[in-house]
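Below: one structure, written as C-alpha coordinates.
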Amino acid sequence: QVQLVESGGGWVQAGGSLRLSCAASIPTFSSQATVWFRQAPGKEREFVAAISSSGGITKYADSVKGRFTISRDNARSTVYLQMNSLKPEDTATYYCAAGDTTARVMGALINYWGQGTQVTVSS
(Lines give C-alpha, C1' and ligand atoms only; values in the text may rest on other atoms or scores of the structure.)
Protein backbone atom coordinates (compact mmCIF):
# COMPACT_ATOMS: atom_id res chain seq x y z
CA GLN A 1 0.00 0.00 0.00
CA VAL A 2 1.06 3.59 -0.61
CA GLN A 3 2.60 5.00 2.55
CA LEU A 4 4.18 8.34 1.54
CA VAL A 5 2.52 10.62 -1.03
CA GLU A 6 4.19 13.80 -2.22
CA SER A 7 2.33 16.78 -3.67
CA GLY A 8 2.91 20.44 -4.47
CA GLY A 9 5.35 20.11 -7.31
CA GLY A 10 4.96 22.04 -10.53
CA TRP A 11 6.44 24.69 -12.75
CA VAL A 12 7.73 28.01 -11.44
CA GLN A 13 9.93 30.81 -12.69
CA ALA A 14 13.32 31.40 -11.13
CA GLY A 15 13.00 33.35 -7.91
CA GLY A 16 9.61 31.87 -7.19
CA SER A 17 8.43 29.58 -4.41
CA LEU A 18 6.79 26.20 -4.01
CA ARG A 19 5.76 24.19 -0.98
CA LEU A 20 5.98 20.43 -1.19
CA SER A 21 3.95 18.20 1.10
CA CYS A 22 4.43 14.58 2.00
CA ALA A 23 1.44 12.85 3.54
CA ALA A 24 2.19 9.64 5.41
CA SER A 25 -0.01 6.70 6.20
CA ILE A 26 2.64 5.11 8.40
CA PRO A 27 1.33 4.33 11.90
CA THR A 28 4.73 5.12 13.39
CA PHE A 29 5.24 8.36 11.46
CA SER A 30 5.71 10.48 14.58
CA SER A 31 8.70 8.32 15.55
CA GLN A 32 10.32 8.44 12.11
CA ALA A 33 12.85 10.96 10.90
CA THR A 34 11.93 12.31 7.49
CA VAL A 35 14.05 13.44 4.57
CA TRP A 36 13.73 15.01 1.13
CA PHE A 37 15.99 13.86 -1.69
CA ARG A 38 15.97 15.04 -5.29
CA GLN A 39 17.18 13.63 -8.56
CA ALA A 40 17.64 15.53 -11.80
CA PRO A 41 17.78 13.77 -15.17
CA GLY A 42 21.16 12.19 -15.72
CA LYS A 43 22.32 12.97 -12.21
CA GLU A 44 22.61 11.02 -9.01
CA ARG A 45 20.10 11.39 -6.23
CA GLU A 46 21.12 14.02 -3.72
CA PHE A 47 20.15 14.87 -0.17
CA VAL A 48 18.13 18.07 0.26
CA ALA A 49 16.87 18.31 3.85
CA ALA A 50 16.06 16.15 6.85
CA ILE A 51 14.08 16.57 10.05
CA SER A 52 14.05 14.53 13.23
CA SER A 53 10.94 12.76 14.49
CA SER A 54 10.12 15.59 16.91
CA GLY A 55 11.07 18.33 14.49
CA GLY A 56 13.73 19.62 16.82
CA ILE A 57 16.65 18.88 14.53
CA THR A 58 16.87 19.94 10.89
CA LYS A 59 19.68 19.46 8.39
CA TYR A 60 20.15 20.98 4.94
CA ALA A 61 22.36 20.53 1.95
CA ASP A 62 24.61 23.53 1.42
CA SER A 63 22.99 24.15 -1.97
CA VAL A 64 19.60 24.87 -0.39
CA LYS A 65 20.55 26.31 3.00
CA GLY A 66 18.85 29.65 3.57
CA ARG A 67 16.33 29.04 0.77
CA PHE A 68 14.53 25.84 1.78
CA THR A 69 12.81 25.03 5.07
CA ILE A 70 11.74 21.57 6.18
CA SER A 71 9.01 21.17 8.79
CA ARG A 72 6.53 18.59 9.97
CA ASP A 73 3.11 18.28 11.57
CA ASN A 74 2.92 14.96 13.36
CA ALA A 75 -0.76 15.44 14.16
CA ARG A 76 -1.39 15.45 10.41
CA SER A 77 1.35 12.93 9.58
CA THR A 78 2.74 15.37 7.06
CA VAL A 79 6.16 16.81 6.32
CA TYR A 80 6.70 19.96 4.28
CA LEU A 81 9.46 21.49 2.21
CA GLN A 82 9.08 25.22 1.67
CA MET A 83 11.26 26.23 -1.27
CA ASN A 84 11.98 29.91 -1.85
CA SER A 85 14.26 31.76 -4.27
CA LEU A 86 14.14 28.78 -6.60
CA LYS A 87 16.83 28.38 -9.22
CA PRO A 88 16.87 26.42 -12.49
CA GLU A 89 19.35 24.02 -10.89
CA ASP A 90 16.65 23.07 -8.37
CA THR A 91 14.76 21.35 -11.19
CA ALA A 92 14.40 17.68 -10.24
CA THR A 93 12.04 15.02 -9.01
CA TYR A 94 11.72 15.43 -5.26
CA TYR A 95 11.27 12.37 -3.07
CA CYS A 96 10.08 12.14 0.49
CA ALA A 97 11.34 9.28 2.66
CA ALA A 98 11.28 8.19 6.29
CA GLY A 99 13.58 6.20 8.52
CA ASP A 100 14.66 5.53 12.07
CA THR A 101 16.95 8.50 12.74
CA THR A 102 18.11 11.73 11.12
CA ALA A 103 21.58 10.31 10.58
CA ARG A 104 20.24 7.17 8.94
CA VAL A 105 17.88 8.96 6.54
CA MET A 106 20.64 11.36 5.52
CA GLY A 107 22.65 8.28 4.63
CA ALA A 108 19.70 6.98 2.59
CA LEU A 109 19.00 4.18 5.08
CA ILE A 110 15.29 4.39 4.46
CA ASN A 111 12.25 2.48 5.67
CA TYR A 112 9.69 4.15 3.41
CA TRP A 113 9.92 6.00 0.06
CA GLY A 114 7.42 8.20 -1.72
CA GLN A 115 6.81 8.17 -5.46
CA GLY A 116 8.20 11.65 -6.10
CA THR A 117 6.89 14.97 -7.36
CA GLN A 118 8.38 16.96 -10.23
CA VAL A 119 9.67 20.49 -9.73
CA THR A 120 10.63 22.53 -12.78
CA VAL A 121 12.21 25.97 -12.45
CA SER A 122 12.54 28.03 -15.61
CA SER A 123 15.07 30.81 -16.08
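The values are calculated or read from the model by the stated rules, or taken from the named source; none is laboratory data. Please read these numbers as outputs of a predicted model, since none were measured by experiment. SASA here: full protein model, heavy atoms, side chains in, ligands and nucleic acids out. Shrake-Rupley method; radii C 1.70, N 1.55, O 1.52, S 1.80 Å.
Some notes on this structure:
- The accessible-area ordering, largest first, of the residues Glu44, Glu6, Glu89 stands as Glu44, Glu89, Glu6, per a 1.4 angstrom probe.
- Heavy atoms of Ser30 accessible to a 1.4 Å probe, total area in Å² rounded to 10: 70 Å²
- Working from Cα pairs under 8 Å separated by at least six residues, relative contact order for the chain is 36 percent.
- The coefficient of translational diffusion for the range 54-105, derived via Stokes-Einstein from the alpha carbon Kirkwood radius under 25 °C and 0.890 mPa s, stands at 196 µm²/s.
- With all protein chains kept in place, the per residue accessible area of the chain amounts to 50 square angstrom at a probe of 1.4 angstrom.
- Per-atom-type breakdown for the chain gives carbon and sulfur 47% of the accessible area (1.4 Å probe, protein chains only).
- Derived value for the chain: Kirkwood hydrodynamic radius 14.1 Å. Basis is the mean of 1/r over every pair of different alpha-carbon atoms.
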